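Written below as structure tokens is the structure these notes are about.
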């Protein structure tokens, strides 16, 4: 059984994790992404109880800039060609060791980061090789609440999810 109590930093891939993997480009060449609102809520709530959140993606888009600003995610690295090195860089900036870091991915490009972190997480619709490396696979698909599920799992292990729920029950 993996001990998620030790997780201090959750780093997320974007396409296929925070989104369903679709890349929408209109006739003017403007790219759009669809993010799940419950993932965003969980990210914000997790940060309020002390879990650091980061984003690591191989692409570089304005949509990611806007979404990470909106969610106050301070640890963002776009355009990463080597996600293993990118994860190490984010961990150093966040002041958290790789062994206390969870990385959530869905595709082969995520494997270097997943192999370096202490807690590799895969979305339900990740490729087989990613699911095989993961110590936790969500029931939800990428862009469909998988990040929320992973955050709940981590914070439940730390006894913090109930604190978040109770704050809305009053």
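The values are calculated or read from the model by the stated rules, or taken from the named source; none is laboratory data. Because the structure is predicted, anything quoted here is derived from the model rather than measured. In this analysis, Cβ positions are derived from the backbone assuming ideal geometry, glycine residues included, and neighbour counts consider all displayed protein chains.
Scanning the range 51-60 for residues that are touching a residue at least 24 places away in the same chain (Cβ under 8 Å) and in a loop (DSSP other than H, G, I, E, B), which turns out surrounded by the most Cβ atoms within 10 Å (Cβ to Cβ)? Across the range 51-60, the extreme among qualifying residues is 57. Tell me, which residue of the range 103-133 that is within 20 Å of residue 52 (Cα to Cα) and assigned to a loop (DSSP other than H, G, I, E, B) is nearest to the chain's Cα centre (by Cα)? Among them, the one singled out is 123. Pairs linking a residue in the range 115-138 that is without any contact (Cβ under 8 Å) to a residue 12 or more places away in the chain to a residue that is not in a strand (DSSP E or B), with Cβ atoms under 9 Å and 6 or more positions apart or on different chains, are 131/123; 131/124.
When residues of the range 118-132 are filtered for being touching a helix residue (DSSP H, G or I) at 6+ places or on another chain (Cβ under 7 Å) and buried (at least 18 other Cβ atoms within 10 Å of the Cβ), how many remain? Summing the residues that are touching a helix residue (DSSP H, G or I) at 6+ places or on another chain (Cβ under 7 Å) and buried (at least 18 other Cβ atoms within 10 Å of the Cβ) in the range 118-132 gives 7. The number of residues in the range 9-51 that are touching a helix residue (DSSP H, G or I) at 6+ places or on another chain (Cβ under 9 Å), over 20 Å from residue 138 (Cα atoms) and at pLDDT 95 or above comes to 2. Every test in (1) in contact with a helix residue (DSSP H, G or I) (Cβ under 7 Å, 6 or more places away or on another chain); (2) within 19 Å of residue 51 (Cβ to Cβ); (3) touching a residue at least 12 places away in the same chain (Cβ under 8 Å) is passed by residue 94 save one, and that test is (1). How many residues are surrounded by fewer than 18 Cβ atoms within 10 Å (Cβ to Cβ) and without any contact (Cβ under 8 Å) to a residue 24 or more places away in the chain when one looks only at the range 61-76? Selection size over the range 61-76: 4.
Number of residues in the range 72-98 that are part of a strand (DSSP E or B) and within 23 Å of residue 4 (Cα to Cα): the value is 2. The set of residues in the range 48-70 being closer than 25 Å to residue 156 by Cβ and over 14 Å from the mean Cα position of the chain (by Cα) consists of 48, 49, 50. Restricting 143, 79 to those that are at positive phi and surrounded by fewer than 16 Cβ atoms within 10 Å (Cβ to Cβ) reduces the list to 79.
Looking for something at pLDDT 95 or above, closer than 15 Å to residue 103 by Cα and not in a loop (DSSP other than H, G, I, E, B) - is there at least one such residue anywhere in the range 61-71? Checking the range 61-71: not a single residue is at pLDDT 95 or above, closer than 15 Å to residue 103 by Cα and not in a loop (DSSP other than H, G, I, E, B).
Just so you know, in the range 11-50 the residues that are touching a strand residue (DSSP E or B) at 6+ places or on another chain (Cβ under 7 Å) and in a helix (DSSP H, G or I) include one that is farthest from residue 163 (Cα to Cα), and it is 14.
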